[in-house]
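For reference, the structure discussed in these notes is given below.
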Amino acid sequence: FPEHPHRGFEGISYIMSGSVNHSDNLGNNSTVFNGGLQRFTAGKGIVHSEIPAEEGETRGIQLWVNLPQELKQIEPDYQQIDRAEIEQIAIAGGSVRLLAGDNAALKLHTKVMYRDVILQAEHSYSVDIEQDMRGFIYVLSGEVTVQGETIGSTQAGFIENGGRLDIRAGSDTRFLLCFGVPHNQPIHQHGSFVD
């Protein structure tokens, strides 16, 4: 993605293999490697480029987090978090990486919970989601059962209300948990702008 503009939201790029070079009109020029994160706050406007590694495969996922109306015109910003800076917690049959929210190193202007969970088959992961949050679980590989529904690889399940979330792996599984607080404001997306 060569130079292009954004406005009105924050973007998180999570690199799962390979690397991505980021440069922007703020003067940042850095490379995010496997297991690392970057966050750009577009705010009132940023121009950036994201170029994958020239050799080998680069895989990642980008999450856009809308800013509330009162923060749409904040100054743009950039943050990079390398793999070693991301807290990883061992759980029975797997691990949890705290990508954003909680006490994670990556900082956003809105309240979120963003986690990368790896579970072995027949193991479970339970988490309490704040009542004012809603979001989704996205299965990268494997299969999980949550709230009586089975979600397979490359599928997502939307979760409307907070509370206790019990997730059971039907096979060796990796999934992302992404939750935030709704702004309850209209969303006006125009390509790379969210006004």
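List, please: which pairs have Cβ atoms under 7 Å, are six or more places apart or on different chains, and start with a residue in the range 5-34 that is within 14 Å of VAL65 (Cα to Cα) and end with one that is assigned to a loop (DSSP other than H, G, I, E, B) and open to solvent by 50 Å² or more (accessible area, probe 1.4 Å)?
ARG7/LYS44; ARG7/ASP195; GLY8/ASP195; GLU10/HIS109
From GLU55, GLU70, GLU87, grab the single residue that is open to solvent by 20 Å² or more (accessible area, probe 1.4 Å) and touching a residue at least 12 places away in the same chain (Cβ under 8 Å).
Matching residue, one of GLU55, GLU70, GLU87: GLU87.
Within the set of pairs 6+ apart or on separate chains, which have a first residue in the range 173-195 that is over 15 Å from HIS6 (Cβ atoms), a second that is among the charged types (D, E, K, R) and open to solvent by less than 20 Å² (accessible area, probe 1.4 Å), and C-beta atoms under 7 Å apart?
If the second residue must be among the charged types (D, E, K, R) and open to solvent by less than 20 Å² (accessible area, probe 1.4 Å), the pairs left are LEU176/ASP116.
Give the number of residues within the range 90-116 that are surrounded by fewer than 18 Cβ atoms within 10 Å (Cβ to Cβ), modelled with pLDDT under 95 and on the phi > 0 side of the Ramachandran plot.
Number of matching residues: 1.
Can you pull out the residues in the range 123-141 that are β-branched (Val, Ile, Thr) and either touching a Ser or Thr at 6+ places or on another chain (Cβ under 8 Å) or more than 22 Å from SER153 (Cβ to Cβ) (or both)? Working first, answer last.
Of the residues in the range 123-141, the ones β-branched (Val, Ile, Thr) are 127, 129, 137, 139.
Listed by number, the residues that qualify are ILE129, VAL139.
Looking only at the range 157-195, count how many residues are small (Gly, Ala, Ser) and within 30 Å of PRO76 (Cα to Cα).
The first filter runs over the range 157-195 and keeps only residues small (Gly, Ala, Ser), leaving 157, 162-163, 169-171, 180, 191-192.
The next check asks that each one be within 30 Å of PRO76 (Cα to Cα); those that pass are 180, 191-192.
Final tally of qualifying residues: 3.
Residues checked against (1) surrounded by 17 or more Cβ atoms within 10 Å (Cβ to Cβ); (2) of a type in the set (Gly, Ala, Ser); (3) within 30 Å of GLY45 (Cα to Cα):
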{"site": "MET133", "(1), (2), (3)": "yes, no, yes"}
{"site": "ILE137", "(1), (2), (3)": "yes, no, yes"}
{"site": "SER153", "(1), (2), (3)": "no, yes, no"}
{"site": "ILE159", "(1), (2), (3)": "yes, no, no"}
{"site": "THR173", "(1), (2), (3)": "yes, no, no"}
{"site": "PHE179", "(1), (2), (3)": "yes, no, yes"}
{"site": "ASP195", "(1), (2), (3)": "no, no, yes"}
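Report the residue count in the range 95-138 for those that are in a strand (DSSP E or B), of a type in the set (S, T, N, Q) and touching a residue at least 24 places away in the same chain (Cβ under 8 Å).
Counting residues in the range 95-138 that are in a strand (DSSP E or B), of a type in the set (S, T, N, Q) and touching a residue at least 24 places away in the same chain (Cβ under 8 Å) gives 2.
Among (1) open to solvent by 10 Å² or more (accessible area, probe 1.4 Å); (2) at pLDDT 95 or above; (3) closer than 30 Å to VAL117 by Cβ; (4) not hydroxyl-bearing (Ser, Thr, Tyr), there is one condition PRO76 misses while meeting the rest; what is its number?
(3)
How many residues, within the range 7-23, are touching a Ser or Thr at 6+ places or on another chain (Cβ under 6 Å) and open to solvent by less than 10 Å² (accessible area, probe 1.4 Å)?
Residues flagged as touching a Ser or Thr at 6+ places or on another chain (Cβ under 6 Å) and open to solvent by less than 10 Å² (accessible area, probe 1.4 Å) within the range 7-23 amount to 2.
Can you tell me which residue in the range 31-50 is farthest from the chain's Cα centre (by Cα), limited to those that are under 28 Å from PHE175 (Cβ atoms) and open to solvent by 30 Å² or more (accessible area, probe 1.4 Å)?
Result: THR31.
The values are calculated or read from the model by the stated rules, or taken from the named source; none is laboratory data. Note that the structure is a prediction, hence the values are computed from the model and not measured. FYI the Cβ positions are ideal-geometry reconstructions off the backbone, even for glycines, and counts take in every protein chain you see. For the accessible areas, the whole protein counts, side chains as well, though only heavy atoms, and no ligand, DNA or RNA atoms are used. Shrake-Rupley method; radii C 1.70, N 1.55, O 1.52, S 1.80 Å.
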